Amino acid sequence: MRIAGLVKQSFIDYPDKMACVIFTQGCNFRCGYCHNPSLVLPELFGQNQLIDEQEVLQYLEGRKDWLEGVVITGGEPTIHGDLPDFIRKVKQMGYCVKLDSNGTNPDMLEQLLADKLLDFIAMDIKSNPDAESYSKIIGKDATAIMPNIWRSIKIIQQSGIGYQFRTTLVPHVHPVGIADDIINFLEYDINFITQQYRDGDTVAKNLAK
């Protein structure tokens, strides 16, 4: 798997667990406000030296008595076909695994859940879940992917494991009241949260260079 970053311990990325955070390289979205341009834009991939999978697994093996969980984020982890095999190795060490995803690969989510490889899922809902709203955020026409987004939401809600839906609210990008529209779409799911945008090194700024 293409691993381009590793945070060896975090108190904030996995609810109620001390976790290691693994960043995968590559994404099928181009959200302008994304703070990981070097994981998203191929022309910036050279900024991160890929970390050998075995090196990561060896680190995790040596921290089993200290860490409780592993967070796999990106980029978008589900674009990597070897993700299930990697998670299986992590689970065999006894770790709980949290996956961060944009929900575009429901088949992968179903496979991971069927194989009991996930303990928590966090899905980013980029905007009101319709093609027009999503297209404004992700940098391409979202018409073809919306059925996947809707299906992933249902899969996660019915998964029987811990989960969270989250939306980053960006001034002058998301309309006022968007959070109410999303929570209504989610049928008032209590596992929905919003995050406030923070300025920084973003995809949009790098595209403008």
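The values are calculated or read from the model by the stated rules, or taken from the named source; none is laboratory data. The model shown is predicted, which means the values in this text are computed figures rather than measured ones. With ideal geometry, Cβ positions are generated from the backbone for all residues, glycine too; neighbour counts draw on all protein chains shown.
Listing for the model above:
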read-out	value
Ile138 vs. criteria closer than 27 Å to Ile12 by Cβ and either surrounded by fewer than 17 Cβ atoms within 10 Å (Cβ to Cβ) or without any contact (Cβ under 8 Å) to a residue 60 or more places away in the chain (or both)	no
Those helices (runs of 4 or more DSSP H) lying entirely in region 1-98 with at least 3 residues farther than 29 Å from Gln195 by Cα and of a type in the set (Asp, Glu)	53-62
Options Leu113, Leu109; residue that is modelled with pLDDT of 95 or more, surrounded by fewer than 19 Cβ atoms within 10 Å (Cβ to Cβ) and part of a helix (DSSP H, G or I)	Leu113
Scope region 29-68; condition touching a Cys at 6+ places or on another chain (Cβ under 7 Å) and closer than 17 Å to Ile3 by Cα; matching residues	Leu39, Val40, Leu60
Some residue of region 168-186 being at pLDDT 95 or above and closer than 20 Å to Tyr14 by Cβ	yes
Failed condition for Val90, given (1) closer than 13 Å to Leu6 by Cα; (2) buried (at least 20 other Cβ atoms within 10 Å of the Cβ)	(1)
Residue in region 116-156 that is farthest from the chain's Cα centre (by Cα), counting only those that are more than 19 Å from Phe29 (Cα to Cα) and in a loop (DSSP other than H, G, I, E, B)	Lys116
Qualifying position, being without any contact (Cβ under 8 Å) to a residue 60 or more places away in the chain, of a type in the set (Phe, Trp, Tyr) and surrounded by 21 or more Cβ atoms within 10 Å (Cβ to Cβ), among Phe11, Phe23, Phe45, Phe29	Phe23
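Residue-wise test of (1) within 25 Å of Ile87 (Cβ to Cβ); (2) assigned to a helix (DSSP H, G or I); (3) basic (Lys, Arg).
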site	(1), (2), (3)
Phe165	yes, no, no
His174	no, no, no
Asp180	no, yes, no
Asp199	no, no, no
